[in-house]
Amino acid sequence: MRNLIVTADDFGASTAVNEAVEQAHTHGILTAASLMVAGEAAEDAIIRARHLPTLGVGLHLVLVEGRPVLPAKDIPDLVDATGHFRTNMALAGASMFFHPAVRRQLAAEIEAQFAAFHATGLPLDHVNAHKHFHLHPTIAGLILSIGRRYGLAAARAPVEPLDLLARIEPVPRTLAGRIAAPYARSVARRFRHAGLVVPDRVLGLAWSGHMTRDRVAALIDILPPGLTELYCHPATDDIYPGSAPGYAYRAELAALTDPAVKELISQRNIRLGRFADFPADEEVAA
């Protein structure tokens, strides 16, 4: 069996993102979305999600480059002078690893974000983190210990098979990718050992912000057996507050809503679903 989860990140960041999520799920192949509970348009995202019962909504933990749920005074070591999370992931990560006081603040903020998601009343489909910060071992451990109390059953481990992508077009092997890969594999093992559903592979890292129609169609055409997560960043506008420079948000929305892409999934007998549609025992069987 070839099973596929198609996820949109940054749900709640902007109404432009929320509109795209609704369109891509209603008219396209999108099956899941990861919610920023403190995003500028989080309330709008939650309202839309309540009218989309087949959309798997998960928690997109934000611990860098965004707003916290807790007041800045409660987490002074995690935020800058403006009350936003710090942008230097290396320094923030080192502080989280080495300083107990910072770890306590981190645990409190992660708990607050899980609690905020729980308060929406939406079922928790999965969890991941902005900028894949959950590759940090301290954050991964806190996700497991805290998330279980909120029904956590599935998570992303960003392990992308570059050899698969290279069958479509050349993919440069970056230093950042080489550094991240062992952490991603470690997180995958750790999450699976804890009983979480973790896709066998994730597609969308190397081409982040540029998951065009041709790339999405080509990946679907050669999708391997097992459970795959393909994640994108669709939006109805290429520029919105907080958008990443150069990201082709509208092109990604077009890819997700292209009728030919949807037909290709049917032709290849690929099963689409949310994380919740692929329980752990079924994933192993696949």
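The values are calculated or read from the model by the stated rules, or taken from the named source; none is laboratory data. Since the model is a prediction, treat every value here as computed from it, not as a measurement. Glycine gets a Cβ as well: all are built from the backbone with ideal geometry, and neighbour counts include every protein chain shown. For accessibility, only protein heavy atoms count, side chains too; no ligands or nucleic acids. Shrake-Rupley method; radii C 1.70, N 1.55, O 1.52, S 1.80 Å.
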Residues (charged (D, E, K, R), under 23 Å from PRO245 (Cβ atoms) and under 17 Å from the mean Cα position of the chain (by Cα)) located in the stretch 156-213: GLU160
Any chance ARG104 is in a helix (DSSP H, G or I) and without any contact (Cβ under 8 Å) to a residue 12 or more places away in the chain: yes
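Restrict the check to the stretch 9-24 and report whether at least one residue is on the phi > 0 side of the Ramachandran plot and either modelled with pLDDT under 95 or not in a strand (DSSP E or B) (or both).
yes
With ARG190, ARG250, ARG215 as the choices, which residue is surrounded by 15 or more Cβ atoms within 10 Å (Cβ to Cβ), of a type outside the set (Val, Ile, Thr), touching a Phe, Trp or Tyr at 6+ places or on another chain (Cβ under 7 Å) and part of a helix (DSSP H, G or I)?
Working: ARG190 fails: touching a Phe, Trp or Tyr at 6+ places or on another chain (Cβ under 7 Å); ARG250 fails: touching a Phe, Trp or Tyr at 6+ places or on another chain (Cβ under 7 Å).
Matching residue, one of ARG190, ARG250, ARG215: ARG215.
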Residue check, ALA166 open to solvent by 40 Å² or more (accessible area, probe 1.4 Å) and over 24 Å from ASN88 (Cα atoms): yes
Residue count, the stretch 92-129 (criterion: out of contact with any Asp or Glu (no Cβ under 9 Å at 6 or more places or on another chain) and open to solvent by 20 Å² or more (accessible area, probe 1.4 Å)): 16
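Restricting attention to the stretch 262-269, does a residue exist that is more than 27 Å from ALA41 (Cα to Cα), among the polar types (S, T, N, Q) and crowded, with 18+ Cβ neighbours inside 10 Å?
First, the residues of the stretch 262-269 that are more than 27 Å from ALA41 (Cα to Cα): 262-269.
Next, only the ones that are among the polar types (S, T, N, Q) stay: 266-267, 269.
Narrowing further to those that are crowded, with 18+ Cβ neighbours inside 10 Å: none.
Taking every residue of the stretch 262-269 in turn, none turns out to be more than 27 Å from ALA41 (Cα to Cα), among the polar types (S, T, N, Q) and crowded, with 18+ Cβ neighbours inside 10 Å.
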Test result for ALA154, at pLDDT 95 or above, open to solvent by 30 Å² or more (accessible area, probe 1.4 Å) and of a type in the set (Gly, Ala, Ser): no
